[in-house]
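Worksheet for the structure shown next.
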Amino acid sequence: MRTAPAPKGRTRYVVLAAAIWTMTVLSLVPLAIMMLIVSLWAVSVGEFPPFLLGAALVAVVAGGALTLLYYAPCMRRLSLPARLAVLGALAFPVSSALSLWATLSV
């Protein structure tokens, strides 16, 4: 059984969205590793690291903001790959700045 070919206009948006989200996730990896190390260090001493609650709150607020933007009427007109590319382009500078700030402030 043959499958239908993908529409020509969407392939570049899929590649763009994948590239942007890959860079976004990779920019958060050093921050996640640093938080894991500090958390394990604090737990081994016997203290609960209070910054974990703040980090969880930031993650929930950022996820909520991206979800609200995903369902915004102006974004609903875009195709799914284009919408994901726009959201990735908005999330990348924030995650990169947060990761750089956390890495350089140590």
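Just so it is clear, none of the values below were taken in a lab; they were calculated from the coordinates. Model, not experiment: these values are computed from the prediction. Cβ sites come from the backbone with ideal geometry, for glycine too, and all protein chains shown count toward neighbours.
Summary value for the chain: 52 percent relative contact order, contacts being C-alpha pairs under 8 angstrom separated by 6+ residues. For an R0 of 25 angstrom, estimate the FRET efficiency from the Cβ-Cβ distance between V29 and A72 and round to the nearest 0.05. Plugging the Cβ-Cβ distance into 1/(1 + (r/R0)^6) gives 0.30.
Each other residue within a Cβ distance under 15 Å of L69 adds +1 if Lys or Arg and -1 if Asp or Glu, for a net charge of +3. For the pair L36 and A89 in one chain, pulling the backbone fully straight at 0.36 nm per residue adds 16.4 nm over the alpha carbon distance. Is the C-alpha gyration tensor of the chain telling us rounded, prolate or oblate? Criteria: a/c under 1.5 is rounded; beyond that, a/b larger than b/c is prolate, otherwise oblate. In terms of gyration-tensor shape, prolate. Farthest toward the positive end of the dipole of the chain, out of A18, W41, P81, is the Cα of P81, where the dipole comes from beta carbon charges about the Cα centre.
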